[in-house]
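Working notes, beginning with the structure itself.
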Amino acid sequence: MLVEEVVVVPPKKCEAPPLILGLQPSALVDHMVRVDWSLLSQIPGERGGSIPVAIEELEHILRELNTHILPSANDPSPLKTIAGGSVANTIRGLATGFGITCGLIGACGDDEQGGLFIHNMVSSKVNLSRLRIKKGTTGQCVCLVDADGNRTMRPCLSSAIRLQPLELTREDVRGAKWLVLRFAIFNLESIHAAIRIAKQEGVSVSMDLASFEMVRNFRSQLLELLESGNIDLCFANEDEATELVRGEQDVNPEVALEYLAKHCRWAVVTLGSNGCMVKHGKQAVRVPAIGEAQATDATGAGDLFASGFLYGLVKGLPLEDCCRVGSCSGGAVIRALGGEVQPENWQWMYKQMQIKGLPVCDLCKRYS
């Protein structure tokens with residue numbers, strides 16, 4: 001039996017454990033590009049969603065891009081390649097925009113894509129001492145953005161390096177306050193292992209519902225996980241929330257919020273331009289979206305909303321202010337292509353926070 005060669009990125013000496021950790025079993029590199037509708041009509045699956053594809057399909061899409069790219073005055077480079085994945089987006093946003101100490105648990109390959117992932121996350125001040133580097137291929141995802149800013153994602157993880165459940169240890173999460181993860185059927189064993197370890201260490205767990213296809217196709221496994229009572233905070237967008245309660249007498253985000261709140265300490269349903277709904281115990285709030293941000297690309301909107309909301313929670317802000325900060329950070333990322341907030345858009349976010357009387361962290365001085 002072959003033994004994988006594993007390298008761990010060493011931490012700095014005497015470095016304190018990160019306050020928030022993200023679990024992303026497979027590192028992922030996103031290829032972001034704005035395309036016309038004709039390419040989207042050629043790709044299997046529904047527009048606006050995220051379903052896995054084989055490497056042959058991913059390579060086919062990448063080959064077709066040149067004849068379908070939409071020009072953009074705001075993005076001189078038509079194709080942007082960055083470290084990706086929902087959890088990585090959230091963690092990077094917390095570290096870069098809010099100055100929260102963050103780390104990532106997972107694995108990546110020793111290939112060019114893995115090097116790009118590591119460079120991007122380290123430059124964003126994310127602790128990678130829990131990232132295992134193995135011989136093999138790093139996951140990739142093509143993110144196709146239409147003229148209206150809506151994104152269709154096709155990840156390829158079939159042959160990608162992945163963190164195995166037995167590789168997780170209590171030391172991975174010890175000292176953290178939150179563990180952030182994303183529901184995914186192909187990572188379900190690792191998710192269960194990480195949650196079990198987090199609970200042993202007294203670490204709270206936040207989970208994102210990933211995509212409406214993931215909820216629809218693996219609803220029973222998701223309901224079992226939610227009803228375990230081990231998920232402290234759950235994020236769902238409107239489509240995922242509706243899919244979650246499909247088959248009930250009433251199918252709407254409000255019903256989904258009530259269901260989530262029954263099993264999670266905090267339940268959050270984001271409503272795009274209509275803001276969000278949150279319930280915590282008996283307290284329920286609905287907060288409108290902040291700012292008049294024209295969506296260049298919706299990629300990462302939910303991930304960065306989670307960054308802001310979690311920042312509010314760890315800083316002890318009132319529930320309504322947690323929503324407002326989340327709305328500001330979610331609004332910041334949609335102003336440019338990709339799930340990484342640009343410096344000028346962090347500046348836009350801090351301005352929105354100041355207008356709303358929200359506490360602006362000291363890190364904003366870097367962008368002023």
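For a quick check, take a GNM of the chain with Cα springs below 10 Å and name the residue from 26, 273, 206 with the largest mean-square fluctuation. Taking springs between Cα atoms under 10 Å, the residue moving most is 273. When the GluC sites (Glu not before Pro) in segment 238-314 are filtered for DSSP coil states and for at most 10 other beta-carbon atoms within 10 Å of their beta-carbon, the remaining sites are 292.
The candidate values were (1) 20.9, 67; (2) 23.3, 79; (3) 19.2, 60; the one computed from these coordinates for Rg and Dmax of the Cα atoms in Å carries the label (3). Excluding residue 255 itself, what net charge comes from residues whose Cβ is under 15 Å from its Cβ, given Lys and Arg +1 and Asp and Glu -1? Local net charge: -3. At an R0 of 30 angstrom, the distance between the Cβ atoms of residue 41 and residue 196 translates into a FRET efficiency of 0.10. Counted residue by residue at 0.36 nm each, then reduced by the alpha carbon distance between them, the extension gain from residue 221 to residue 188 reaches 11.0 nm.
So which residue, out of 164, 354, 342, gets the largest mean-square fluctuation from a GNM of the chain using Cα contacts under 10 Å as springs? It is 354.
Among 235, 186, 305, what is the fewest-to-most ranking by other Cβ atoms within 10 Å?
Numbers: 235 31, 186 16, 305 27.
The order, fewest Cβ neighbours first, is 186, 305, 235.
In this structure, the amide hydrogen of residue 275, modeled 1.01 Å from its nitrogen in the peptide plane, lies closer than 5 angstrom to those of 289, counting only residues at least 5 positions away or on a different chain. Put simply, the amide H of residue 129, placed in the peptide plane, has neighbours under 5 Å in 104, leaving out anything fewer than 5 places away on its chain.
One decimal place: the segment residue 315-residue 169 gains 49.8 nm when fully extended, by the rule 0.36 nm per residue minus the C-alpha distance.
Helical runs (DSSP H, four residues minimum) scored at -39500 (n - 2.57) apiece and divided by the length of the chain put the mean residue ellipticity at 222 nm at -10500 deg cm²/dmol. Spatially, segment 301-316 and segment 13-56 are offset by 20 Å when compared through their Cα centroids. DSSP finds beta bridges in segment 26-154, and of those with both partners inside it, around 45 percent are antiparallel.
Each peptide among 322-334, 192-204 gets the average number of other Cβ atoms lying within 10 Å of its residues, and from highest to lowest they stand as 322-334, 192-204.
For residue 42, what charge total do you get from the other residues with a beta carbon under 15 Å from its beta carbon, if Lys and Arg give +1 and Asp and Glu give -1? Walk me through the numbers on the way to the answer.
Working: positive: 47, 63, 154; negative: 36, 46, 56, 57, 59, 64, 146.
So the surrounding residues net to -4.
Which one, 139, 275, 300, has the greatest fluctuation when you compute a Gaussian network model over the chain with C-alpha springs under 10 angstrom? Of the options given, 275 has the highest mean-square fluctuation. Summing Lys and Arg as +1 and Asp and Glu as -1 over all other residues whose Cβ lies under 15 Å from the Cβ of residue 169 gives a net charge of +2. By DSSP, the beta bridges lying fully in the chain are antiparallel in about 40 percent of cases.
Holding the Cα-Cα limit at 28 Å, pick out from 80/315; 125/199; 125/282; 279/315 the pairs that are longer than that. Show your work: numbers first, answer last.
Numbers: 80/315 33 Å; 125/199 26 Å; 125/282 37 Å; 279/315 18 Å.
Over 28 Å apart, Cα to Cα: 80/315; 125/282.
Every number in this text was worked out from the coordinates using simple rules, so none of it is lab data. Nothing here was measured: the structure is a model prediction, and the numbers come from that model. Neighbour counts run over all protein chains shown; Cβ positions are idealised from the backbone, glycine included.
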